[in-house]
1. Placing +1 on the Cβ of each Lys and Arg and -1 on the Cβ of each Asp and Glu in the chain, which of T81, S63, F254 has its Cα farthest towards the positive end of the resulting dipole?
2. Could you check which residue among G230, G38, G185 shows the biggest mean-square fluctuation in a GNM of the chain with a 10 Å Cα cutoff?
3. Considering only protein heavy atoms and a probe of 1.4 Å, how much of the accessible area of the stretch 16-135 is carbon and sulfur, as a whole percent?
4. Would you mind calculating the relative contact order of the chain from Cα pairs under 8 angstrom and at least 6 residues apart, reporting the percent as a whole number?
5. For the stretch 174-232, with all protein chains present and a 1.4 Å probe, just round the carbon and sulfur fraction of the accessible area to a whole percent.
6. Rounded to whole Å, give me the distance from the Cα center of the stretch 110-144 to that of the stretch 22-50.
7. Angle check, please: helix 16-25 long axis (alpha carbons) against the longest principal axis of the chain (alpha carbons), in degrees 0 to 90, nearest 10.
8. I need the shape label for the stretch 164-283. Rule: rounded when a/c is under 1.5, else prolate if a/b > b/c, else oblate, with a, b, c from the alpha carbon gyration tensor.
Amino acid sequence: MDNRAIGVFDSGLGGVSVLKELQQQLPHENFVYFGDTGRVPYGTRSRQTIVKYAMQDIRFLLSKNVKMVIAACGTASANLTPEYLEGLDVPFCNILLPASQAACSASQTGRIGVIATSATIKSGAYGKAMRNIRPNAVVVGSACPLFVPLVENGFIERGNPVTRMVAEQYLAPFQSGEVDVLILGCTHYPIISETISDVLNGRLPLINPGVETAKQASALLVKNNLLRSGNEPGHTEFYVSDNPESFGEIASLFLGETIAADVKLVDLDNFAADTGNFGAVPS
């Protein structure tokens, strides 16, 4: 048993879609959530910059003495390869592998769609992961970069005309029946999943990476004997690198609970250097 919190990070608001699933599946666990709202979006950055930011995010969570780190960010998940995680002495999981496993299992034809940020699509990480699981998989990827700023700015209501117009353009490649399942490869996207489903007329099953990541995290906690003792409800601490008021308002809408007053501001410059044995920041 281990009563330390679980650390969750994202470039901004998207990771709350993972946090929500974690809270439902692990109601007795405590969480520390960090959203890098000062540098969102990650999906338009270079790989070097993405990795540098993600490493700083992890260092911040380690400073909170977490027992596990979850990359609730599709872009970070696609670019944080194992060598960057050397020396990390707590379990780590990201959204990419659990979502890929779920899609390969759900697909009847092996033709799988992925929508994600430009950096994630460019990395080819989803295609590689799924072909390792299902060698004959055919992956159709499409970058949807405007979804992240739409979510970050609160355009999350079902049928919001601006979000729907953007979704209709982005999702046009998936209207022809070329794929039989669609991965929401950025954790911002489940926040507008109702609009995405409406545009697709409910025809395609949507893989929510938060659901699958929460299952994997739960299994890792059991495997490593890290579950929290006791049956009292857990609590979550929220931290951001900019604009805590806006984050709190939008996250409260999605989570269905008021957190606005509890979001704290963090200066990530304090976490640029190495901590302990955890890997080096790329120069």
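1. The residue sitting farthest along the positive end of the dipole is T81.
2. Of the options given, G230 has the highest mean-square fluctuation.
3. Numbers: 1960 of 4200 Å².
The nonpolar share, carbon plus sulfur, comes to 47 percent.
4. Relative contact order here is 29 percent.
5. Details: 1070 of 2320 Å².
The nonpolar share, carbon plus sulfur, comes to 46 percent.
6. If you average the Cα positions of each part, the centres end up 21 Å apart.
7. The angle comes out near 70 degrees.
8. Working: a/c = 1.67, a/b = 1.54, b/c = 1.09.
Prolate is the answer for the stretch 164-283, as a/c is 1.5 or above and a/b outweighs b/c.
The values are calculated or read from the model by the stated rules, or taken from the named source; none is laboratory data. Worth saying up front: this structure is predicted, and the values here are computed from it rather than measured. Don't worry about glycine lacking a Cβ; one is built from the backbone with ideal geometry, like all the others, and counts go over all protein chains shown. These area figures cover heavy atoms from the full protein model, side chains too; ligands, DNA and RNA do not enter into them. Shrake-Rupley method; radii C 1.70, N 1.55, O 1.52, S 1.80 Å.
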